[in-house]
1. Of all the residues that make up the range B:315-340, how many are closer than 22 Å to residue B:375 by Cβ, touching a residue at least 24 places away in the same chain (Cβ under 8 Å) and surrounded by 23 or more Cβ atoms within 10 Å (Cβ to Cβ)?
2. One residue is enough: does the range A:212-228 have a residue meeting the conditions farther than 26 Å from residue A:322 by Cα, more than 14 Å from chain B (Cβ to nearest Cβ) and at pLDDT below 85?
3. In this structure, is residue B:174 modelled with pLDDT under 95 and within 23 Å of residue B:299 (Cα to Cα)?
4. Can you name the residue in the range B:313-322 that is touching a Lys or Arg at 6+ places or on another chain (Cβ under 8 Å) and of a type outside the set (S, T, N, Q) and is also nearest to the other protein chains (Cβ to nearest Cβ) among such residues?
5. With respect to the numbered conditions (1) surrounded by fewer than 22 Cβ atoms within 10 Å (Cβ to Cβ); (2) closer than 25 Å to residue A:575 by Cα; (3) away from chain A (no Cβ under 12 Å), which one is the sole condition not fulfilled by residue B:357?
6. Kindly check whether there is at least one residue in the range B:323-342 that is out of contact with any strand residue (DSSP E or B) (no Cβ under 9 Å at 6 or more places or on another chain), polar (S, T, N, Q) and more than 9 Å from chain A (Cβ to nearest Cβ).
7. Report yes if some residue within the range A:611-621 is touching a strand residue (DSSP E or B) at 6+ places or on another chain (Cβ under 6 Å), modelled with pLDDT of 85 or more, in a strand (DSSP E or B) and more than 7 Å from every other protein chain (Cβ to nearest Cβ); otherwise report no.
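The values are calculated or read from the model by the stated rules, or taken from the named source; none is laboratory data. Since this is a predicted model, take the numbers as computed values, not measurements. All Cβ positions, glycine included, derive from the backbone under ideal geometry; neighbour counts span all protein chains shown.
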Amino acid sequence: MAADEEELSINEQAISASEDEEGSDDERKHKKLLEAISSMGSRKRKKQNERSEASVQVSEFFVNAEGTGEKVNLSDLLGTVEKTSGASNKTKKQLRNLQSSKETLELPLNKQQTEKIQRGIAYEKTAAEVSCWRNIILQNQKAEQMVFPLNQESPGPKRVEQVVAGWKVQTPLEQEIFRLLHINSQPVDDPVLTPVEEQSLKAMSLEEAKIRRAELQKARALQSYYEAKAKREKKIKSKKYHKVQRKAKCKDFLKQFDEMVKTNPEGALEELKKMELSRMEERMSLKHQNSGKWAKSKAIMAKYDDSARKAMQEQLQMNKDLTQKIVVPSDDEHESNEEGLETIPDFVNDSEPVIDSVNPWMRGQLTHEEPEVSCVTTEDVQTAEEENEEEELVGEFERKRKLRQADEEDLIPTEEEQPASEVVEEDVVEVSDKEEEDDDDDDEEEEEEDVSEFNTLFRLMRSEKTLEEDEEGLLNEGQIRVRNIEDLEVLGEFVDPQPIAEPSLPRTAAVEATSEPPYKKKREIDLKEVLTKEAKAVKVPFLPTVVDEEERDEQISIIKEAFAGDDVISDFIKDKSKLEAAGRPEVVDLTLPGWGEWGGVGLKPSRWKRKRFRIKTAPPPPRQDQKLPDVIISENRNASVASHQVSQLPFPFQNTAQFESSIRTPIGPTWNTQSVVKNMTKPKVITKMGAIIEPMVKEDFIKNKTTTPGGKGPAIMLGENKRAKEGTKRSSEKHRGRRSQKRRK
Amino acid sequence: MDSLICYLPKKVNIYEFDWLFLTQPPKRYWEETENTDQRRPEEEQGTAVQNQNKSTVKERSLKRKNGENLEKKDPFPGEAPIPHKQLQKFQRGEKYKVPAGARRRLKEAIISSEAMSELAQKQAARYDLLLPEDAGFLEGDEDEDTNTISQDDIADAVDITSGSKYFNLHLSQFGPYRLDYGRTGRHLLVGGKKGHVACIDWQSKDLMCEMNVMETVNDVKWLHTEAMFAVAQKRWLYIYDSKGLELHCVKKFNDVLRMQFLPYHFLLATASATGFLQYLDVSVGKEIAAVCTKMGRLDVMSQNPHNAVIHLGHPNGTVSLWSPNQKEPLVKMLCHRGAVRSLTVDKTGTYMVTSGLDRKLKVYDIRAFKPLHSCFLPAGASCLSLSQGGLLSAATGDIVQVYQNVLGSSPVSKPYMAHRLRGQIWGLAYCPFEDVLGIGHGEGFTSMIVPGAGEPNFDALDTNPFRSSKQRQEWEVKALLEKVQPELIGLDPGQLSKVDQASFEQRHKEQVEALGFDPLAKDKFKPKTKKKGRSSAGAIEKRKRKVAHEDQRDEIRQTVQERTERDKEQKEKSNEKKKLGNKSTLDRFRK
């Protein structure tokens, strides 16, 4: 029965729902109608967005609001859950618990508040992050001197120990290698340097290194000068100039060739071969045959123009000259002898590679063989002979060029006599000598001046060195420069017997000459001439020179009589009192006689009025000479100094005493020692010229705090310096990255 | 570990710096692996303690002690101590302690400045070692007065170079002579009353120049170098070079009687017969100041080397102190009852010695302007001079007396030395850095040996008696660069390092005085001219009245407001009083 009833009730409900639906349909229609009516009006009403919901009771106009005020309870929802069998007991239990617990979830905070909280947290976080900079900033503020860039590494090479610490042999291969090393004369004890290293250090002293450096510097300078000059000359567009030069070169070459035939027949032969080659080429080519375009045009002109004819003839002459066979004057026997004597031909040692084998003009090494001094003299003779001005000029050029070239060649030390190791000294001497000659030249160019500067420096260093060596008596060891291990091996055996007393001797003499003080005329002090003795000798000059003041009343009275007219003391007192009076402030009298009372002749303003209207100002501070009766001290302020004085207390100081004490020590060199002055006036910031000052990176200062762990860690530990380097690298990379990003943007 | 210990002392010298960072010693490949294995546990033990650098250093030092090759211990570790006396000699002012509640920046500033001044003081004290010379004095036998020892005896006794410093120049023709030594003490300038002027390198007796100016010569003075000197002649002041060539005739300076040269200011101060004190800047050739002293003829003059203040002695017994910055004397003190005959100031600027017509010799402390002691000379002193060593020479008639310990508190009883000359003494000057007193008198010039007179140590950068001409030129340039401006002359030479505590009003007043107008003053209101009859006199007046007393208006308004408020308060008070007065005890029960 109960089930039936239930069924009934359900049916009823369904019916009512259907009825409801019908009703709601009506409602909707009604609403639409209403809307249609309203829309028909002149004004178009804005359509209200209304939520419509199906419910039993619906108001006339819009959705019933019943139940909106009530909250949806969990129990309302749970009813269905209880019934559903699918849900697990556990969830049901939880839900039940929830239901029983009366706590409700709080509303989420509104946007402003959440943002505020988030801001606060973010602030704290960033503050913590930024605060790690505070110490370093404070430290930098406190620092007396800052040197930028901050991470400056000490220059120079580092030992392995500095770079790698805590490294040990592990693999069997390494062990094997080190065992071998151990056996082969490697140090067992632990000096910093191995004997080989030490030896190499000894081999090249600082002075030597300096000399070597200067040498190289000079060579480079010379080279650059020469290059610059060559470039300049190359740029000259004047055909005449080049022609003249070419001619001069040709002449020069011939001359040299002649000489070479005498001195170096082997080289001459080579040259000859080259010339032969060029002759062949000339013969093969159509050059200078007057068959070119230019020649044809000239041929047309030749009828009328003398110069054109001349030019053509010249061309032909040139062709003739070039194709002429060269006769060798030297005899073959001599040559063969020479060959027999000299096992190695000279040109083997030529440093300069022949650039153009065909063109003999390009070969600079011809001058190399000659001694430089003689070269100069011959050139001088030659120039004297030249009548053409241009050629003279060119000759001058040439000479200088040769000199410089010779210098360069000298500086690249390749001397045939010395095997394996070079003697720097002699080269140097030669160079300096030659340069001295150069200096004597009348027309010095700027470049040469520079060169001479180099030379003076060079000579100076050299002379120092020689002097030192003289003192030490270690003549030979200083000269030998060892460059590599092979040389080192030679070092032990090599004993150079050459003393260098010769160059050092005149120098020392010169030094003596300079150190000798110039002769100075000294006057003999003749006492008899100057002094004339007095005949009368003062025995006891004055016995009672000093007598007490009080005892001599008589004298005082006499003096008083003497100066009775001018009473000095009273004058002075008057003076002083006058000044004191002037210093006292005056009383301002503002009384107006007759104002508010009777006035007239013989009537004084009343006492009350005088009291009321006489204004007294405060007395000035006591005078400095208040307690000194016989002294007047001026009270005027020295305004002239005031303009130079500090008038406002500078920042950190709170009173004048602090400030004055802080500047009480003068900083000038008049009052202090040199070191103190330097210390006191050192700049607050030092920057390295040309170095980029990067902004500080965190790694720079954080690395100082983290100490290197002792036992644990990677097998190869990098030293501090290396790490610092890495840090900088990283930072620089970072910056670069940033920059590139910016650029991309 | 042993190998490590051997390793340390060798390396420390070379790579000291790097070692500070390396907590672990570097290991070489030839060191066997077993050794390292052994070391490991030790290290691990150590790491717990070793984290701090200090502890490791301690350990090392301990190990070094135990090790085989001990380093020799320095018996005198640290810097050499400086004697307290020397330190005190170079102390400048009091050390300032950091106040209790000082802020960080203040603390840092004070600490750093104190450290710096301490360093300067210490270094200076250390370098004091380089002043080894000491002054000596003449000592007589028992019951022998040193003043009885004649110059001849001294000259005979001392070495030949010193002996040659006693000499006479017989110049009886143009006498009496004034004289001046150059600052280095090598050059002597003498000027006879009757026009004879000569400068001599007195040590080599080398006559630099000699001439007769054919006029009365009142005074002669070297300028900053021995290349120039000033001669006060009958009318004008002349400047000659060392060859005797007349460089300038300064006609602004007339009737000069006495001159003083202030070397650090490059000022030549002259006192004239007309009562004018004038300053000539010799570096620019300009007159810096001319002060009318209104004290009559000025023939007694001296300078205070400490603060470059000029002391003038007057016939009315007063001594006045002058600077070029003030038109009135800085100080005027009454020293003698008669006229002041001569005065001199010692090099520290502490003492002044005066002598007057009342035949008294007085020693003053011119820091406090108080007389220390006075003594009576029967003949009176016409010339006074103080040496660098503190010896006082006084010319009494034809006798020169030298007194020792004059500047102390006790009065002197007898002279240290005495020397009789032929004529009246006219000039008296000690030679700097030499034990020599130059005396100019009627019969010429006498150089007298006074042991202990000169300062034994000279500052070669300031006044070098042995300087070459090149050095002199360099010094001249430097001295010109470091020239002290005349504005800084005052009683207190340290005035510049003090804060000017004058009020704004005072400074403003001074500024107005110096400029001649008020830079802060507003310019007067000037009404615009308007057209259409609006610029009539009445309209302008009206407009003027609108802005009249604008500066005072605020003040007046404020005072009025205050007054009204005060009145109000008083009224209220009186009302309350009245009420209280009317109330009876029973009023409290009233509702």
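1. 6
2. Step one: filter the range A:212-228 for residues farther than 26 Å from residue A:322 by Cα, giving A:212-228.
Okay, now just the ones that are also more than 14 Å from chain B (Cβ to nearest Cβ), so A:212-228.
Restricting the remaining residues to those that are at pLDDT below 85 gives none.
For the range A:212-228, residues farther than 26 Å from residue A:322 by Cα, more than 14 Å from chain B (Cβ to nearest Cβ) and at pLDDT below 85: absent.
3. Values: modelled with pLDDT under 95: yes; within 23 Å of residue B:299 (Cα to Cα): yes.
Yes: the conditions hold for residue B:174.
4. We begin by selecting, within the range B:313-322, every residue touching a Lys or Arg at 6+ places or on another chain (Cβ under 8 Å); these are B:313, B:315, B:317-321.
Adding the requirement that they be of a type outside the set (S, T, N, Q) leaves B:313, B:315, B:317, B:319, B:321.
On the way: B:313: 13, B:315: 8, B:317: 5, B:319: 10, B:321: 9 Å.
Restricting to residues being touching a Lys or Arg at 6+ places or on another chain (Cβ under 8 Å) and of a type outside the set (S, T, N, Q), the top hit is B:317.
5. So the condition that residue B:357 fails would be (3).
6. As a first pass, look at the range B:323-342 and keep what is out of contact with any strand residue (DSSP E or B) (no Cβ under 9 Å at 6 or more places or on another chain): none.
No, every residue in the range B:323-342 fails to be out of contact with any strand residue (DSSP E or B) (no Cβ under 9 Å at 6 or more places or on another chain), polar (S, T, N, Q) and more than 9 Å from chain A (Cβ to nearest Cβ).
7. At the first step, the residues of the range A:611-621 found to be touching a strand residue (DSSP E or B) at 6+ places or on another chain (Cβ under 6 Å) are A:614-615.
When the remaining residues are screened for being modelled with pLDDT of 85 or more, the result is A:614-615.
Then drop every residue that is not in a strand (DSSP E or B), which leaves A:614-615.
From the residues that got through so far, the ones that are more than 7 Å from every other protein chain (Cβ to nearest Cβ) too are A:614-615.
Checked the range A:611-621: at least one residue is touching a strand residue (DSSP E or B) at 6+ places or on another chain (Cβ under 6 Å), modelled with pLDDT of 85 or more, in a strand (DSSP E or B) and more than 7 Å from every other protein chain (Cβ to nearest Cβ).
Residues are listed down the side, and each one gets a yes or a no for (1) under 25 Å from residue B:367 (Cβ atoms); (2) among the aromatic types (Phe, Trp, Tyr); (3) more than 39 Å from the chain's Cα centre (by Cα); (4) within 8 Å of chain B (Cβ to nearest Cβ):
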position	(1), (2), (3), (4)
A:631	yes, no, yes, yes
A:638	yes, no, yes, yes
A:645	yes, no, no, yes
A:651	no, yes, no, yes
A:660	yes, no, no, yes
A:664	yes, no, no, yes
A:675	no, no, no, yes
A:689	no, no, no, no
